[in-house]
Amino acid sequence: MIESSLMKKKHFLLLLFIFTTGLIFTFYTSKYMRMYIYVNFMNEKSSLENYFFEDTFIPYRGSVYISNNILNSSDNSTFTSIESIPDNLRTIYDRRNNGSWITITPFLFKAKFSDDSEIEVQVNSEFENKTNAEKIALIYLEEIGRLPKLFRKNLETVSIHKGYENFGGGNNNFLIHHDKGLELEKYGLLEEIFLHEGVHTSLDSDHSLSNAWINAQKADNGNFISDYAKQYPKREDLAETVPLCFALKYKRERLSDHTIKKIEKTIPNRIEYCNSVFEKKK
């Protein structure tokens with residue numbers, strides 16, 4: 001009887017272990033749970049990690065995940081209306097299948113904003129019909145309208161595809177993959193992603209290779225705000241940095257004191273450069 005009872009306990013513990021392991025695996029392999037774990041537990045790097053593995057100070061892995069509150073629903077959106085326009089051929093970028101330029105006939109719309117700007121919205125015809133395409137576009141246009149004009153000044157088109165690939169900015173365009181967008185929306189990070197891509201679209205050409213910006217990088221003694229910025233200093237450092245400088249200057253109350261101190265300690269000269277850009281608004 002005792003042996004039988006022990007066997008039952010062993011079987012129960014084995015089943016509990018299998019169930020718990022399966023549950024943890026399911027959570028971790030869920031795309032949303034992976035982002036939750038990354039944002040809350042992995043994005044901020046510890047002092048020990050910096051000490052042992054970095055020769056300079058790099059506090060974060062990616063800056064867009066530092067806060068989901070730089071812009072939020074309490075900020076006014078300048079987006080006012082969307083109207084259908086005739087569908088025609090467009091050559092647009094698609095990150096799927098290793099990324100390529102594709103020529104398709106997407107569903108086309110004109111979006112208007114209260115600051116008199118307009119953009120063309122190109123929704124891949126894989127979304128089946130124009131009614132669906134408009135619903136998809138509206139998810140993003142409201143958030144794009146929350147961006148300060150500085151981050152939208154060169155934006156002319158928005159392209160939307162299915163897929164879980166990353167967003168993109170440049171070529172006067174925002175590139176959106178909708179499955180990724182739904183995840184970002186769920187976690188409240190759409191505005192922060194658009195701030196990052198807005199830098200690529202509207203500020204890169206004037207600033208990323210300017211002497212003044214490069215001097216600010218050098219003056220920060222090799223520090224970068226994130227691994228992503230350090231990995232691609234010419235391509236990504238500006239986009240990783242400017243949204244945080246914007247937050248420090250205009251949305252400071254939405255950042256924790258801990259976060260403010262880390263940013264100001266890491267990139268003081270870049271912050272000074274960004275503030276001069278904000279004052280000139282170009």
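Coordinate-derived values only; no laboratory data. Only a predicted model underlies this, so the values are computations on that prediction, with no experimental measurement involved. Cβ sites come from the backbone with ideal geometry, for glycine too, and all protein chains shown count toward neighbours.
Couple of notes before you dig in:
- Between residue 98 and residue 172, the modelled labels are 3.1 nm apart [label points 7 Å from Cα along Cα→Cβ].
- Extension reserve of the residue 17-residue 162 stretch, reckoned as 0.36 nm per residue once the Cα distance is removed: 48.4 nm
- Taken along the Cα-to-beta-carbon direction at a fixed 7 Å, the label points for residue 251 and residue 81 span 2.9 nm.
- Per-pair calculated FRET efficiency, R0 = 22 Å: residue 275 and residue 205 via Cβ, rounded to 0.05: 0.65
- Its alpha carbons give the stretch 119-266 an Rg and a Dmax of 16.4, 53 Å.
- Short to long, the 10 Å bins of the Cα pair-distance histogram for the stretch 105-148 hold 28, 52, 19, 1 percent of all pairs.
- If R0 is taken as 22 Å, the Cβ-Cβ distance between residue 142 and residue 89 corresponds to a FRET efficiency of 0.20.
- When the Cα positions of 144, 125, 107 are compared along the charge dipole of the stretch 79-179, 144 comes out farthest toward the positive end, with charges on each C-beta of Lys, Arg, Asp and Glu.
- Size of electric dipole in the stretch 124-247: Cβ of Lys, Arg +1 and of Asp, Glu -1, about Cα centre, debye, nearest 20: 260
- Taken over the Cα atoms of the stretch 228-282, the convex hull encloses 79 Å³ per residue.
- Directionally averaged projected area (the stretch 174-245, Cα convex hull): 5.1 nm².
- Ranked packing of 153-162, 63-72, most packed first, by mean Cβ within 10 Å: 63-72, 153-162
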